[in-house]
Amino acid sequence: MPNSTNEEIIPEIRSAEEVQWADDLNSGDISDILGFDLSSQKGDDRSGLRVLINSALVSHRRLPMLEVIFDRTARLMTTNLRQLTNDNVEVTLDDISSTRFGDFIHSISGPSIVGVVKSPTLDNYCLIAVDSQLVYSVVDLLLGGRRSGGVLAIEDRDFTQIELALIERVMTQLIDDLSAAFAPVADANFILDRIETTPRFAAIAQEANVCSLAKFRVDMEDRGGRVAILMPHATLEPVYKLLLREFIGEANESEAVWHDHLAAELNAATLDLKVVLAERDMALGEIADLTPGQTISFNAGTKTIAEIRAGKTVVAHGAVGRAGENIAVRLIGGAEKVTKETEEAA
């Protein structure tokens, strides 16, 4: 008779006729599960696995030092743009967030100018995007336009060579401000690589790559515009640990304390050294036949060079001598192999 306890553990096994298998899935059902809706005109993915893959929400870790860098960049932009345009310019940091590279590129509305910025130190790129409203405002000021001209009309046309040259001058100044703000943390040394008027030609990363995005608002009395700085996390990877600091002096202070502590502990550490005068290989049978009083001879002379070892590692060589009633060793070389000339000199 079967045990009653075992009968409670064993689940009820259903027959094959009671199990309902979904063998009649068509292509439409599979598309619903995966989230591919080919009939959608806008191309929005609202369900299925694809909504998880293409989610706009990007989880990221806060980088306190990067926020400080962008805040200092805004202050430097304010000062330098005032000198460049000879006008009352105010740059404020609107928002710092994380986004995917593809979402940022698709969100840029034309006409806009995107500067591809390279950092030889970080060995990667970042982007600076300037909207058309700020472009026309800066060009109008640099060409002697009226200060109280009001809101400029945005023209749906390509930028002229004069406008590109003027905005390149402004963008170079913005890049210098970013480099100066980055200098206390790391010598990024950003330089302008090229300017693109078509956003898709400014691809510096894969569309799914996570980036840090800083948005700035530039006010020039009744006119102005916006600037965005996009830094892929791959660009920030070499200085990622530094960007996790809460303040700039934290890195240098902690490293100095650690160096002093390590130096003190190394000076107080002890090390056992062994001096080996000679060695001989013996068979196990020879060792088994050894008897008390038997003499073991070594192939060593009066001018033998001894090895000074720490564990099994040779750290130095020395000549064997005598100091009173004690045996002394005089160092004649480092851990490298001692030559015949060194032995004769010893």
TODO: For a label point 7 Å from the Cα of residue 173 along Cα→C-beta, name the residues of the range 201-226 whose backbone N is under 13 Å from it.
DONE: 219-220
TODO: Using packing as a proxy for protection, rank 261-272, 217-228 so that the peptide with the highest average count of other Cβ atoms within 10 Å comes first.
DONE: 217-228, 261-272
Open item on the list: Can you compute the FRET efficiency between residue 283 and residue 313 using 1/(1 + (r/R0)^6), with r the Cβ-Cβ distance and R0 = 25 Å? Round to the nearest 0.05.
Closed with: 0.40
Open item on the list: 5 Å is the cut-off here: which amide hydrogens, built 1.01 Å from N in the peptide plane, fall below it relative to residue 209, excluding neighbours closer than 5 in sequence?
Closed with: 101, 102
Task: Value of relative contact order over the range 185-304, rounded to a whole percent, pairs C-alpha under 8 Å and six or more apart - done: 16
- [ ] For a footprinting-style exposure proxy, rank 295, 85, 160 by other Cβ within 10 Å, fewest first.
- [x] 295, 160, 85
Task: Additional length obtainable on full extension of the chain from residue 201 to residue 71, 0.36 nm per residue less Cα span - done: 43.9 nm
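Laboratory data are not the source of any read-out in this text; all were calculated from the coordinates shown. What you are looking at is a predicted structure, and each value in this text was computed from that prediction instead of being measured. Because the Cβ atoms are built from the backbone with ideal geometry, glycine has one as well, and the counts that use them run over all protein chains shown.
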